[in-house]
2 protein chains.
Amino acid sequence: MYSRVMKATKDHLVEAAAELLWERGYAATSPAMIQKRSHAGQGSMYHHFSGKADLAVTAMRHSAGQLRLATETALDSGTTALERVGAYLDMERNPLAGCRVGRLVQDPDVVADDRLRAPVEEFFTWLQQRIADVLAEGVRSGELRPDTDVAAMASLVIATVQGGYVLARAQQDQAAFRRATQAAKSALVHLRA
Amino acid sequence: MYSRVMKATKDHLVEAAAELLWERGYAATSPAMIQKRSHAGQGSMYHHFSGKADLAVTAMRHSAGQLRLATETALDSGTTALERVGAYLDMERNPLAGCRVGRLVQDPDVVADDRLRAPVEEFFTWLQQRIADVLAEGVRSGELRPDTDVAAMASLVIATVQGGYVLARAQQDQAAFRRATQAAKSALVHLRA
DNA sequence: GTCTATAGTACGATAGAC
DNA sequence: GTCTATCGTACTATAGAC
């Protein structure tokens, strides 16, 4: 029997791992760090998970799920396609922290192991399709030009966000992120029919 | 006396470190790996450099310098501003390998240490200014609209490339990178006066 | 389920011979 | 300048008591 309000040690481990994966990536995060942050012992971690990789996959799915929910909310807020994609670009983010999902892609161990990469790939594949769908709806409704390459524009929007994180972290300045996303919004306006 | 053709052990260390930093990042690259790839012993590395961080800074400046030269070449190839920025977007790259400079920005140890972050920050600050200058010249010559926000567009172009790497690595597909850069080129066309 | 103890390996760095 | 030997620490994981 699991309580609905009390969080189990397992949940604390997953959340601590998700935080550390966000902050430090996979390779630079050690089981000891996760245990310390979640106030769990060695034994607890190895009881609930087979090892670092197993816990990381669970934590990555946790992070991707959270981000997916927040993204859905943004993409559903607004009536026109440009409003909805604009809301995605304007989502509340901490540019200096980086993307909790996208940052994992730089890790050699993550890309090398299909089990570790799967949650990341699934997230971006879903996101690409989701934004392309919103744009396609805009084309169908007559809001956007009929010759709009919705797949390419979706890639541009996502790349702008991911690249914006890189610029912000490199210069330690949130403004670098905003410059990129605002420029993307300006570019989207030209898709209007 | 240093020969002009024979590479010294120090150069081998720097090049091996630059490769590994590109492939694996800072935290996941160990001195032992660098020594093995450069066929140098422990003693050689610690004779020429004070430690891992010192060698890494030298290797990062080496990588940034190479990329800066290649980028200069691209930005100088073409007559119009759109051709020159387009050449930057179309530079020969391996999207699955990631950006040798941009990837370092995800490393917590790099961002935490100003000495390690400096080469990365300098590169992106230079790149941002360089692309903004090319666009500004396009505005001045009458090629681009006078109300063009050159700083924002430069950020969009750079973010597209950096984000394109993220998409390509996440999906293990070069096409994801090309979709983003081609969409950026389409967006740039709308800047025409 | 959680704890402590410990395994075996690799880490980054230093010492000292040559 | 380069080598081997070694330091002390941290790594990921397992064992076995409770």
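Here are B:97, B:70: which of them is away from DNA strand C (no atom under 16 Å from the Cβ), under 19 Å from residue B:178 (Cβ atoms) and touching a helix residue (DSSP H, G or I) at 6+ places or on another chain (Cβ under 9 Å)?
Matching residue, one of B:97, B:70: B:97.
Of all residues in segment A:162-171 being within 7 Å of another protein chain (Cβ to nearest Cβ) and crowded, with 24+ Cβ neighbours inside 10 Å, which is farthest from residue B:127 (Cα to Cα)?
A:162
Provide a single number: the residues in segment A:42-85 that are among the hydroxyl-bearing types (Ser, Thr, Tyr), under 30 Å from residue A:142 (Cβ atoms) and not in a loop (DSSP other than H, G, I, E, B).
2
Residue check, residue A:131 against (1) open to solvent by 10 Å² or more (accessible area, probe 1.4 Å); (2) away from chain B (no Cβ under 11 Å), all met but one. Which one?
(1)
Residue by residue, here is whether (1) hydroxyl-bearing (Ser, Thr, Tyr); (2) under 25 Å from residue A:107 (Cβ atoms); (3) modelled with pLDDT under 95 holds:
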| site | (1), (2), (3) |
| --- | --- |
| B:81 | no, no, no |
| B:84 | no, no, no |
| B:99 | no, yes, no |
| B:108 | no, yes, yes |
| B:118 | no, yes, no |
| B:125 | yes, no, no |
| B:128 | no, no, no |
| B:138 | no, no, no |
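How about segment B:1-41: which of its residues are surrounded by fewer than 17 Cβ atoms within 10 Å (Cβ to Cβ), within 13 Å of DNA strand D (Cβ to nearest atom) and not in a helix (DSSP H, G or I)?
B:1, B:2, B:3, B:6, B:7, B:8, B:30, B:39, B:41
Among residues belonging to segment B:42-62 that are more than 16 Å from DNA strand D (Cβ to nearest atom) and either within 14 Å of chain A (Cβ to nearest Cβ) or among the β-branched types (Val, Ile, Thr) (or both), point out the one that is least open to solvent (accessible area, probe 1.4 Å).
B:60
Output the residues belonging to segment B:146-157 that are over 17 Å from residue B:192 (Cβ atoms) and either in contact with a Leu (Cβ under 6 Å, 6 or more places away or on another chain) or surrounded by fewer than 24 Cβ atoms within 10 Å (Cβ to Cβ) (or both).
B:151
From B:85, B:110, B:120, which residue is within 18 Å of the chain's Cα centre (by Cα), within 16 Å of DNA strand C (Cβ to nearest atom) and touching a residue at least 60 places away in the same chain (Cβ under 8 Å)?
Numbers: B:85 fails: within 16 Å of DNA strand C (Cβ to nearest atom); B:120 fails: within 16 Å of DNA strand C (Cβ to nearest atom).
After applying the criteria, what remains is B:110.
Within the bounds of segment A:172-193, is there any residue that is basic (Lys, Arg), out of contact with any Ser or Thr (no Cβ under 6 Å at 6 or more places or on another chain) and crowded, with 23+ Cβ neighbours inside 10 Å?
No, the conditions are met nowhere in segment A:172-193.
Considering every residue within segment B:92-107, establish whether at least one is under 30 Å from residue B:190 (Cβ atoms) and either in contact with an Asp or Glu (Cβ under 7 Å, 6 or more places away or on another chain) or basic (Lys, Arg) (or both).
Yes: one or more hits.
Being within 17 Å of residue B:169 (Cα to Cα), more than 8 Å from chain B (Cβ to nearest Cβ) and surrounded by fewer than 23 Cβ atoms within 10 Å (Cβ to Cβ) is true for just one of A:87, A:118. Which residue is that?
Working: A:87 fails: within 17 Å of residue B:169 (Cα to Cα).
A:118 is the lone residue from the list that is within 17 Å of residue B:169 (Cα to Cα), more than 8 Å from chain B (Cβ to nearest Cβ) and surrounded by fewer than 23 Cβ atoms within 10 Å (Cβ to Cβ).
Of the residues that sit in segment B:43-65 and are in contact with a helix residue (DSSP H, G or I) (Cβ under 8 Å, 6 or more places away or on another chain) and polar (S, T, N, Q), which one is farthest from residue B:119 (Cα to Cα)?
B:44
The values are calculated or read from the model by the stated rules, or taken from the named source; none is laboratory data. In this text, all values refer to a predicted model and were calculated from it rather than measured experimentally. Virtual Cβ from ideal backbone geometry, glycine too; neighbours counted across all protein chains shown. Areas reflect the complete protein model, heavy atoms only, side chains present, ligands, DNA and RNA absent. Shrake-Rupley method; radii C 1.70, N 1.55, O 1.52, S 1.80 Å.
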